[in-house]
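The block underneath contains the structure these notes are about, expressed in C-alpha cells.
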Amino acid sequence: MNSIDDLTPPVLQVSQLTRFLRELIESEQILQDIWIAGEISNYTRAASGHLYFTLKDQSSSIKSVVWKGSAMRLRMNLRDGMAVEAHGAVSVYEARGECQLVVDALRLAGEGALFQEFLRRKALLESEGLFDSSRKRPIPDVAGRIGVVTSPTGAAFQDILNTLKRRYPLAEVILSPATVQGEQAPKEIIAALRLLDQKIHPDVVILARGGGSLEDLWAFNDEEVVRAVASSPIPIVTGIGHETDFTLCDFAADLRAPTPTAAAEQVSPDIADFRDRLGMLLESLSLVVDQSLSFFEDSISACSDRLVRVSPRGQIENNARRLDELASRWQIAIRHANEMQFAYLANLEGRLAALDPQTVLRRGFAVIRAEDGTTLRSINKIKLDQQIRVEISDGGFGAKVNTLPTKHGEE
Amino acid sequence: MIKNDTPPVDTLTYEQAFSELEKVVSVLEEGQATLDESVELFQRGQALAKHCSDLLENARLKVTILEQSGEAPGEIEP
C-alpha cells in the first residue's frame, strides 16, 4: 500500500524538469532531423525577423519558429492555412516547458513526394545517357529563324519578344503555342515541338515558361517531354522558371538558360555589335581605298614621268624643240649672212661705182682714142697732126694734135 | 575578280552581305588588285555596306504564330 510512498522520488525544480525534457528530446536523433506535415496558423513575423507560427493537423498542434537566418532563405511567403512540410529539429522551450519545432526549411505539402519522383526520373533518364554533355549541340551564334514553344498568353513569350526586338530585330520568331501547366501540358508541348520541326525547321528552339512551384513546372519533368527534347533534331535552349529552378528538360536540352529572357539572349547577337562591326568594316574600306588610291596615284605619277621621257610624243616634242632651236639659229645665221652679203654687195657696188668710167669722166677727165678707137693712154702713141677722137662725160668730138706732144719731165 | 553572276546586293540577307563585305575589304587590303578591280570592289563594298545599314535601320522583328496541330488533345473535335 504504501510502497509508492516508500520510494520517494526526487523532488525537482520546474526548471530542472524542463531542462531534462529538453536534453531528452535533443538527444533523440530522429527528432533532430525531421519533416513534419501540417497547416500553418497563427503566423506572425516578429520585428526581429524571426517567424512564429503553429503547425497543426486535425487533432494536434506544435509551436514552430523559423529563425531569421533561415527565414531569409525561404523561397516562399508564409500565410495561415498553407499546407506545408516543415523540416527542422524538435526542442523544448525551457522557460515555458513547451515543445517547439525549430524550422530550417519549408516546402509546400506534396512537394516532398513530387521531389522524390523528380529524383527518381532524373536518375533513370540520366542512366540512359540523355543528359550527357556529348549529346549537346552548339547553339548557332546568329539564328535567323527562332522557334519558341510556350504559352502565347504568358509573360515568358512577351519577355522573349522584347529581348529579341531589342537585341536582334533581324530575326524571325515562330511561336508554336502550348499550355505549359496542367494535365494537357506534356502532350501539347510535345506536339508543339513536332509541329515546329516539321513545318518550319527553325535554326533553334526556345522552350520556355515563367516562374512557379515544382508543381507548376511539373510538365517539364514529364518523361515523354524530356525524351522529346533530347531527341529534337533542332538545338533547344530552355528558359524555364527562375534562376534556381531546374527541370529535367533543362538537363536534356542543348543549353539551359536561367530564364526566358536569358534564353532569348543566348540565341541572339546584340545588334549594337552588328552596328559596331559594320562601322569598323566601313572604316577599313575607306582606309584601304584611300591607301590604294594614293598608291595608284604615286605609281601613275612615276610612270607618267618615265613615259613622258621615253614616249614618241616626248621624242617628237624633243625633236620639235631641237628643230625650233635649229630654225632659230638658222634664221639668225641667214640673217647674219644676208647682212654680210648686203654689206659686201654694198661695198662692191660702191667700189664698182667708183670704178665707173663715167664717174671719172664726170670729174672732168677725157678719154683720148685713136681713129680706130684704141684708147691712147701714153704720150708716145700721140704724134703731131694726128687725128684723134676725144670723149668727155657727155659727148665726144674729133681733134687734131696741133702742138708737139711732150712727156712729163722732158721739156 | 568580281564574277558576272554575282547576285544583286539587295537580294542578300544581312549575313550574306556582311560576309561578302568582309571579303571585299580583305581583298583590297591585300593590295594585289588592279586599279580597275579595286574600283569595282570598292563600289560593290559601298553597296553592300549601305544594304547592311539599311537592313539594320529598318529591321522589325517578324513574329508568326502557328496554329496548334490537331494532335493536341485540348482541341474540340468538330
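Nothing in this text is a laboratory measurement; each read-out follows from the coordinates by a stated rule. All values derive from a computational prediction rather than experimental measurement. Virtual Cβ from ideal backbone geometry, glycine too; neighbours counted across all protein chains shown.
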For segment A:244-278, what are the residues that are among the acidic types (Asp, Glu) and closer than 30 Å to B:Ser53 by Cβ? A:Glu265, A:Asp270, A:Asp273, A:Asp276
Tally up the residues in segment A:181-217 that are closer than 18 Å to A:Pro260 by Cα, over 39 Å from the mean Cα position of the chain (by Cα) and buried (at least 20 other Cβ atoms within 10 Å of the Cβ), please. 2
Would you tally the residues in segment B:11-47 being closer than 27 Å to B:Glu57 by Cβ, within 7 Å of chain A (Cβ to nearest Cβ) and among the small types (Gly, Ala, Ser)? 1
Going through segment A:36-80 in order, the residues found to be under 18 Å from A:Arg96 (Cβ atoms) and in contact (Cβ under 8 Å) with a residue 24 or more places away in the chain are A:Asn42, A:Phe53, A:Leu55, A:Ile62, A:Lys63, A:Ser64, A:Val65, A:Trp67
Would you point out which residue out of A:Ala252, A:Ala208, A:Ala191, A:Ala185 is in contact with a Phe, Trp or Tyr (Cβ under 9 Å, 6 or more places away or on another chain) and within 12 Å of chain B (Cβ to nearest Cβ)? A:Ala185
Candidate set from segment A:262-304 (those that are assigned to a loop (DSSP other than H, G, I, E, B) and under 15 Å from the mean Cα position of the chain (by Cα)); member that is nearest to the other protein chains (Cβ to nearest Cβ): A:Pro269
Residues that are more than 8 Å from every other protein chain (Cβ to nearest Cβ) and under 19 Å from A:Ile236 (Cα atoms), drawn from segment A:169-182: A:Val180
Surrounded by 11 or more Cβ atoms within 10 Å (Cβ to Cβ), among the hydroxyl-bearing types (Ser, Thr, Tyr), within 48 Å of the chain's Cα centre (by Cα) and on the phi < 0 side of the Ramachandran plot - does that describe any residue in segment A:307-320? no
Can you name the residue in segment A:51-87 that is of a type in the set (Gly, Ala, Ser), under 60 Å from the mean Cα position of the chain (by Cα) and at negative phi and is also surrounded by the most Cβ atoms within 10 Å (Cβ to Cβ) among such residues? A:Ala86
Give the residue that is farthest from A:Glu224 (Cα to Cα), with candidates limited to residues of segment A:246-270 that are surrounded by 24 or more Cβ atoms within 10 Å (Cβ to Cβ) and of a type in the set (Val, Ile, Thr). A:Val267
